Amino acid sequence: MEDKNIVLEVEHLKTSFFYGKKEGKAVDDISFKVKKGEILGIVGESGSGKSVTAMSVMKLLGNTKGRVVGGSINFMGRDLLAVSDKEMRQIRGKHIAMVFQEPMTSLNPVLTVGEQIAETIVVHEKVSKKEALARAKELLDTVQIPLAEKRLGEYPHELSGGMRQRVMIAMGLCCNPDLIIADEPTTALDVTIQMQILELFKKLREQYELSIILITHDMGVIAEMTDRVMVMYAGCMAEYGDTATILKNPRHPYTKALMKAIPRLDEKQEYLDAIPGVIPSIFNLPEGCRFHPRCRLATERCRKERPDAFTVDGRTVCCFKAFEEVKESL
Ligand SMILES: Nc1ncnc2c1ncn2[C@@H]1O[C@H](COP(=O)(O)OP(=O)(O)O)[C@@H](O)[C@H]1O
Ligand code: SF4
Ligand SMILES: [Mg+2]
């Protein structure tokens with residue numbers, strides 16, 4: 001049965017990078033859904049496969065040695081893995097927008113803010129340059145940039161980091177997208193600005209019933225912003241489901257560790273000192289559960305077998321220990 005409310009459905013996605021004979025499994029069997037008007041969070045340490053997931057959905061792996069090797073990506077009833085490059089460009093322009101961590105690299109330094117927003121509008125819609133500039137001003141108002149008129153004539157380097165990120169969001173909104181994928185959109189910003197940008201995403205979601213995938217390494221952002229969350233580790237799904245359920249009672253040891261590492265707002269905490277060790281390279285992944293070298297609860301079985309997903313109180317977990325705990329409590 002097809003649910004009209006589901007904007008994006010990713011099933012058993014696998015994406016690998018190929019160097020010579022070596023295959024690096026950056027994303028290895030993850031599944032998730034995004035509903036209309038919903039914010040889905042994807043969280044995990046650096047290197048867990050969050051950006052590769054986003055790039056796979058956007059089909060932006062073309063310039064890399066990576067490709068999708070399994071699974072399906074369905075966007076509003078269309079199989080994205082089957083659409084042509086031309087159709088995909090249209091989908092990216094009209095339906096899915098992406099906002100990256102460092103806006104400076106995505107903005108053109110030699111064009112004014114107004115010129116680049118207008119350019120994006122003209123590409124997608126048959127409007128004059130003058131109309132496009134008027135729309136650009138409206139969009140700057142929408143993303144709450146003060147003195148929008150004046151900003152239109154400024155260059156990216158004249159803006160603060162927070163303002164640049166707002167410009168990127170405005171460009172993403174040019175085509176009235178159904179889905180925005182925001183990959184660590186506030187990581188480079190200081191805390192106050194970060195909160196303002198996150199508030200803006202919330203407002204846009206309400207205003208336009210936008211669906212948003214918010215990628216972050218920060219459980220605090222997940223708690224503040226998301227309806228549902230997928231916790232990723234080394235290309236795999238650790239835990240996935242309703243954010244409130246998972247935060248109230250996390251079942252996967254990695255989710256628990258991430259929650260202990262929620263940075264306090266008043267200090268810059270070195271990420272994840274709650275868990276010893278580092279995330280493995282995709283070219284040297286451990287057998288069994290990928291988290292086992294860092295998991296205090298690991299057993300012989302965890303070192304050999306990969307845990308299957310099971311569902312408990314509406315959320316999905318991939319962990320042998322969590323499964324035993326649930327069984328015992330029944
Ligand atoms: N172009 C690439 N070539 C080889 N490996 C890559 C490439 N891009 C990403 N990876 C690897 O894929 C894994 C997941 O990366 P990424 O999705 O960027 O992590 P995250 O966004 O969660 O920090 C990492 O091990 C990273 O080194
Ligand atoms: S399956 Fe084993 S190693 Fe993996 S998270 Fe669970 S207890 Fe830890
Ligand atoms: Mg990333």
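The values are calculated or read from the model by the stated rules, or taken from the named source; none is laboratory data. Note that the coordinates shown come from a computational prediction; the quantities given were computed from them, not determined experimentally. Here the Cβ positions follow ideal geometry from the backbone for every residue, glycine too, while neighbour counts run over all protein chains shown.
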remark   = Flagged in the stretch 152-174 as in contact (Cβ under 8 Å) with a residue 40 or more places away in the chain, assigned to a loop (DSSP other than H, G, I, E, B) and more than 13 Å from THR112 (Cα to Cα), in numbering order, are CYS174
Residue in the stretch 143-151 that is part of a loop (DSSP other than H, G, I, E, B), of a type outside the set (Lys, Arg), over 19 Å from the mean Cα position of the chain (by Cα) and at positive phi present = yes
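Quick one: which residue in ASP141, ASP183 is of a type in the set (Asp, Glu) and in contact with a strand residue (DSSP E or B) (Cβ under 9 Å, 6 or more places away or on another chain)?
ASP183
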query = Of the residues GLY114, GLY71, which single one is more than 21 Å from PRO177 (Cβ to Cβ) and touching a Lys or Arg at 6+ places or on another chain (Cβ under 9 Å)?
reply = GLY71
task = Hey, can you tell me all the residues within the stretch 193-223 that are among the hydroxyl-bearing types (Ser, Thr, Tyr) and either within 16 Å of ligand 3 (Cβ to nearest atom) or under 19 Å from ALA244 (Cβ atoms) (or both)?
result = SER211, THR216
inquiry  = Let me spell it out: the conditions are (1) in a strand (DSSP E or B); (2) under 21 Å from THR245 (Cβ atoms), and GLY37 meets all of them except one. Which number is the exception?
reply    = (1)
task = With the condition kept exactly as written, say whether any residue in the stretch 154-175 is farther than 25 Å from MET104 by Cβ and not small (Gly, Ala, Ser).
result = no
inquiry  = Anything in the stretch 35-58 that is over 22 Å from LEU198 (Cα atoms) and out of contact with any strand residue (DSSP E or B) (no Cβ under 8 Å at 6 or more places or on another chain)? List them, or say none.
reply    = GLY47
remark   = Within the stretch 13-32, restricting to residues that are buried (at least 19 other Cβ atoms within 10 Å of the Cβ) and of a type in the set (D, E, K, R), the one that is nearest to the chain's Cα centre (by Cα) is ASP28
query = Among the residues of the stretch 60-75, which ones are at pLDDT 95 or above and more than 16 Å from ligand 3 (Cβ to nearest atom)?
reply = LYS65, ARG67, VAL68, VAL69, GLY70, GLY71, SER72, ILE73, ASN74, PHE75
The stretch 307-330, subset in contact (Cβ under 8 Å) with a residue 24 or more places away in the chain and more than 12 Å from HIS252 (Cα to Cα), residue nearest to ligand 1 (Cβ to nearest atom) = GLY314
note = Taking the stretch 170-195 and keeping residues surrounded by fewer than 23 Cβ atoms within 10 Å (Cβ to Cβ) and of a type in the set (Val, Ile, Thr) leaves THR187, VAL191, THR192, ILE193
query = Which of the residues spanning the stretch 81-99 are of a type outside the set (Asp, Glu) and either outside any loop (DSSP other than H, G, I, E, B) or buried (at least 19 other Cβ atoms within 10 Å of the Cβ) (or both)?
reply = LYS86, MET88, ARG89, GLN90, ILE91, ARG92, GLY93, LYS94, ILE96, ALA97, MET98, VAL99
query = Quick one: what pairs do we get from the stretch 277-288, first residue within 15 Å of GLY44 (Cβ to Cβ), second assigned to a loop (DSSP other than H, G, I, E, B) and of a type in the set (Asp, Glu), C-beta under 9 Å, 6+ apart or different chains?
reply = VAL278/GLU45; ILE279/GLU45
ask   = Quick one: how many residues across the stretch 254-298 are of a type outside the set (A, V, I, L, M, F, W, C), at pLDDT 95 or above and closer than 29 Å to GLU9 by Cβ?
value = 5
message = Could you go through the stretch 15-29 and let me know if any residue there is on the phi > 0 side of the Ramachandran plot and acidic (Asp, Glu).
response = yes
ask   = Any idea how many residues of the stretch 152-178 are polar (S, T, N, Q) and within 11 Å of ILE197 (Cβ to Cβ)?
value = 1
